[in-house]
Amino acid sequence: MINCRICNTNIEQFMSFGKMPIANGFLTSDQIQNEYFFELAPAFCSNCGMFQLIEQPDPQKMFHENYAFFSSTSSYMQIHFKNFAEFVMKGFLENRQDPFVVELGSNDGIMLHNFKKAGFRHLGIEPSVNVANVARSEGIETLSEFFNLELADQIVERHGQADSVLCANVICHIPDLNSIAKGIKCLLKTDGVLIFEEPYLGDMVMKTSYDQIYDEHVFIFSATSVSRAFANHGLELIDVFPQKTHGGSMRYILTPIGTRSVSHNVGELMQKEQKQGLHKIETYDQFRQKCETSRKNLKELLENLKQKGQRVVGYGATSKSTTVNNYCGIGPEHVEFISDTTPVKQGKLTPGMHIPVKPYELFTNNPPDYALLFAWNHATEIFAKEKSFKAGGGKWITFVPQVKVIE
Ligand code: SAH
Ligand code: TMP
Ligand code: ZN
């Protein structure tokens, strides 16, 4: 029994994915001995509606000078963030005097470079120094620190308050949400706006995309849980926009309470969440059963292919794949290697199961019989790029929403 990270109510885990390593902790063979593991177990708080991890490794273990996730590796995400930036500029920053934009978790500058190009005052907060340095080399103002209440005060002192605070796939990474919300409230102008987007609980439950659950994602949000958590700190959820990114995300717009009217989208989405049963603990029991079925089916399929002597290669050494491989027990005996375009992942082993990660060229030069699509959230981009793999007789294996071979 632990206390909810938001409202302090007693909560219990509804399942465990077992011992898990750091999802982005790609390693060399001499590092295997000291590999760090923790128990990956989610819980749901029926008092405030927050889906959360019982245990999360220290932030410094996940975000540091060797962080392996570079946002700009996906060209689809580059376009997404260009559109995101335009949405903010047109919808919230027009007619403002010299507006100031702060982004938390700005990574390699994938979003902020659009603001820099358009001449906006901006500041990125990015604790992982290696990715922050990529942004800096492009002239994007970046502070390499963990955002918290204290840092918010310092930013206000140095730069003044922000017209807009932006975040993507980062608020759900930070365990002390109450302190972050306080910090954002004090960083924002009274007529400012907080906009963030994160993987959406409704999609995860609907698609059984349990691979969204890994160390970094200490929360999986819904409109209901976001609205409640931020209302405690004077911020009101005024609009929501579903996104296709990362397998189904939600963009949340929040402003200081009472400063803007609330869109009907908010109430409608909350009703939809009730209908889907996102507030009920039974929903998560069913989710657990679906995870177990998915694990069984994927493991059986891979065992079967192994016995038939078929070559299976993984596509995309995603952070999500760490949960899949460790939970299902998929190792080098099932998957020969995982192809990935990120240079710092290549030549390393995957966390926990130690499948080799190899450059993309090894996939194209010697195509396998089957490609296991770990980067299923980038399927559209990947299928468009890999027409020749399929034309040459290659088959895709996917596991979201169900384990399936795409002939
Ligand atoms: N926004 C980018 C990156 C998401 S990955 C995108 O959507 O592609 C999450 C990023 O948040 C990492 O680069 C990590 O270093 C950063 N991060 C983690 N904790 C943070 C904190 N407390 N404050 C600011 N950034 C943080
Ligand atoms: P993500 O799901 O967290 O965005 O990570 C995607 C990973 O997949 C990242 O390591 C890059 C890799 N990748 C490829 O190797 N080829 C591709 O075509 C795409 C889109 C991603
Ligand atoms: Zn709670």
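For this structure, a couple of remarks:
- Members of region 270-284 that are on the phi < 0 side of the Ramachandran plot, surrounded by 13 or more Cβ atoms within 10 Å (Cβ to Cβ) and not hydrophobic (A, V, I, L, M, F, W, C): 272, 273, 276, 279, 280, 283, 284
- Tabulated pairs, region 137-152, first on the phi > 0 side of the Ramachandran plot and of a type in the set (D, E, K, R), second in a helix (DSSP H, G or I) and more than 16 Å from ligand 2 (Cβ to nearest atom), C-beta under 6 angstrom, 6+ apart or interchain: none
- Test set (1) touching a Leu at 6+ places or on another chain (Cβ under 6 Å); (2) among the acidic types (Asp, Glu); (3) buried (at least 16 other Cβ atoms within 10 Å of the Cβ) - residue 145 fails condition number: (3)
- Within region 1-17, if we keep just the residues that are more than 16 Å from ligand 1 (Cβ to nearest atom) and under 20 Å from the mean Cα position of the chain (by Cα), the residue that is farthest from residue 324 (Cα to Cα) turns out to be 6.
- Residue list for region 71-93, filter: at pLDDT below 95 and either within 26 Å of residue 191 (Cα to Cα) or not hydroxyl-bearing (Ser, Thr, Tyr) (or both): 77
- Number of positions in region 322-362 that are touching a residue at least 60 places away in the same chain (Cβ under 8 Å) and touching a Leu at 6+ places or on another chain (Cβ under 9 Å): 10
- Test: residue in region 107-115 that is in contact with a Gly (Cβ under 8 Å, 6 or more places away or on another chain) and of a type in the set (Phe, Trp, Tyr): no
- Test: residue in region 84-91 that is within 12 Å of ligand 1 (Cβ to nearest atom) and assigned to a strand (DSSP E or B): no
- Restricting region 113-135 to residues that are of a type in the set (A, V, I, L, M) and part of a strand (DSSP E or B), the residue that is nearest to ligand 2 (Cβ to nearest atom): 125
- Filtered residues of region 156-187 (kept if over 21 Å from the mean Cα position of the chain (by Cα), among the aliphatic types (A, V, I, L, M) and farther than 24 Å from residue 80 by Cβ): 156, 187
Here is a yes/no grid of residues against (1) polar (S, T, N, Q); (2) buried (at least 24 other Cβ atoms within 10 Å of the Cβ); (3) within 26 Å of residue 98 (Cα to Cα); (4) modelled with pLDDT under 95:
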| site | (1), (2), (3), (4) |
| --- | --- |
| 225 | yes, yes, no, no |
| 234 | no, no, yes, no |
| 247 | no, no, no, yes |
| 261 | yes, no, yes, no |
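- Unique match (being of a type outside the set (Phe, Trp, Tyr), within 11 Å of ligand 1 (Cβ to nearest atom) and surrounded by fewer than 18 Cβ atoms within 10 Å (Cβ to Cβ)) among 129, 102: 129
- Qualifying residue in region 45-58 (condition: near ligand 1 (Cβ under 9 Å from one of its atoms) and among the hydrophobic types (A, V, I, L, M, F, W, C)): no
- Matching helices (runs of 4 or more DSSP H) fully within region 302-407 where at least 1 residues are within 20 Å of the chain's Cα centre (by Cα): 320-328, 379-385
- Which numbered condition residue 47 misses (of (1) touching a residue at least 60 places away in the same chain (Cβ under 8 Å); (2) in a loop (DSSP other than H, G, I, E, B)): (1)
- Which listed residue is among the charged types (D, E, K, R) and within 16 Å of ligand 3 (Cβ to nearest atom), from 163, 176: 176
- Residue 369 falls short on exactly one of the conditions (1) without any contact (Cβ under 8 Å) to a residue 60 or more places away in the chain; (2) under 14 Å from residue 396 (Cα atoms); (3) surrounded by fewer than 17 Cβ atoms within 10 Å (Cβ to Cβ), and that condition is (1).
- Residue 68 being out of contact with any strand residue (DSSP E or B) (no Cβ under 8 Å at 6 or more places or on another chain) and farther than 23 Å from residue 222 by Cβ: yes
- Going through (1) surrounded by 19 or more Cβ atoms within 10 Å (Cβ to Cβ); (2) more than 30 Å from residue 70 (Cβ to Cβ); (3) of a type in the set (Gly, Ala, Ser) one by one, residue 319 falls short only on (2).
- The set of residues from region 184-193 being surrounded by fewer than 24 Cβ atoms within 10 Å (Cβ to Cβ) and either touching a helix residue (DSSP H, G or I) at 6+ places or on another chain (Cβ under 8 Å) or hydroxyl-bearing (Ser, Thr, Tyr) (or both) comprises 186, 190.
- All of 100, 63 fail the test of being hydrophobic (A, V, I, L, M, F, W, C), more than 16 Å from ligand 3 (Cβ to nearest atom) and touching a Lys or Arg at 6+ places or on another chain (Cβ under 6 Å), apart from 100.
The values are calculated or read from the model by the stated rules, or taken from the named source; none is laboratory data. Please read all numbers here as calculations on a predicted model, not as lab measurements. Every residue, glycine among them, receives a Cβ derived from its backbone with ideal geometry; neighbour counts consider all protein chains shown.
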